[in-house]
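Here's the structure, in structure tokens; my notes come after.
The values are calculated or read from the model by the stated rules, or taken from the named source; none is laboratory data. Worth saying up front: this structure is predicted, and the values here are computed from it rather than measured. Using ideal geometry, Cβ is built from the backbone for each residue, glycine included, and neighbour counts are taken over all protein chains shown. The accessibility values were calculated without ligands, DNA or RNA, using every heavy atom of the protein model including side chains. Shrake-Rupley method; radii C 1.70, N 1.55, O 1.52, S 1.80 Å.
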Amino acid sequence: MTQADELCTDCGICCDGTLFSSVSLDAAGLVAARAHRLPVLETATESRLELPCAALRGVLCEIYDERPECCADYACELRLQVDDGRLTLADGQEIIEATRALRAQVVDAVGASPWWVAHRSALEAERTNPSWARDNGELLAHLKTLEKLVRHHFWG
Ligand code: SF4
Ligand code: SF4
């Protein structure tokens, strides 16, 4: 197992809705998703696998050997950096832990909504309601830090 593989086996952040709310499927991916009864959003022009993915068990994919190709092909910036030695495995794991801890704090504070929904509503409330922003300074700080972590380390 490579160090990048080791990083992923204790992560799952690209499957749990932290980075994306859905992922585009090609025809074969749609067949795989349907075969495993995974929730898919279908429009006239595309099919998207809904995230958090129903095949995620803890941090691992329950259908790993049969997962859609888009999943098998995906590598976030963090993985790429561990893969080519720009980042050590330990540093990558620390970033994953920090991201996970921050997301847990945000989810605790806002309920079960995906964090980006909370982020959007919080920024709108911050703009339009100064007293809400004063009362929720800690949540706003967590949301902004989480967004920075995601943008910088995972989206690249
Ligand atoms: S590709 Fe990135 S986000 Fe996905 S499991 Fe690996 S390290 Fe985590
Ligand atoms: S099918 Fe597996 S790899 Fe793809 S999003 Fe779901 S849990 Fe992740």
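Rundown of residues vs (1) out of contact with any Gly (no Cβ under 8 Å at 6 or more places or on another chain); (2) under 26 Å from residue 101 (Cα atoms), yes/no style:
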site	(1), (2)
9	yes, yes
15	yes, yes
31	yes, no
35	yes, no
45	yes, no
49	no, yes
62	yes, yes
68	no, no
73	yes, no
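Here segment 28-59 is the region considered, the condition is being free of Cβ contacts under 8 Å to residues at least 12 places away in the same chain and either part of a loop (DSSP other than H, G, I, E, B) or within 19 Å of the chain's Cα centre (by Cα) (or both), and the residue that is farthest from ligand 2 (Cβ to nearest atom) is 44.
Among the residues of segment 60-91, those that are in a loop (DSSP other than H, G, I, E, B), more than 9 Å from ligand 2 (Cβ to nearest atom) and either open to solvent by 50 Å² or more (accessible area, probe 1.4 Å) or touching an Asp or Glu at 6+ places or on another chain (Cβ under 6 Å) (or both) comprise 84, 85, 86, 88.
Open to solvent by 30 Å² or more (accessible area, probe 1.4 Å) and not basic (Lys, Arg): does that describe residue 107? The answer is yes for residue 107. From the list 86, 151, 67, 120, the lone residue that is closer than 19 Å to residue 3 by Cβ and without any contact (Cβ under 8 Å) to a residue 40 or more places away in the chain is 86. Regarding segment 26-48, can at least one residue be identified that is within 16 Å of ligand 1 (Cβ to nearest atom) and either surrounded by 15 or more Cβ atoms within 10 Å (Cβ to Cβ) or within 12 Å of residue 12 (Cα to Cα) (or both)? There is no residue in segment 26-48 that is within 16 Å of ligand 1 (Cβ to nearest atom) and either surrounded by 15 or more Cβ atoms within 10 Å (Cβ to Cβ) or within 12 Å of residue 12 (Cα to Cα) (or both).
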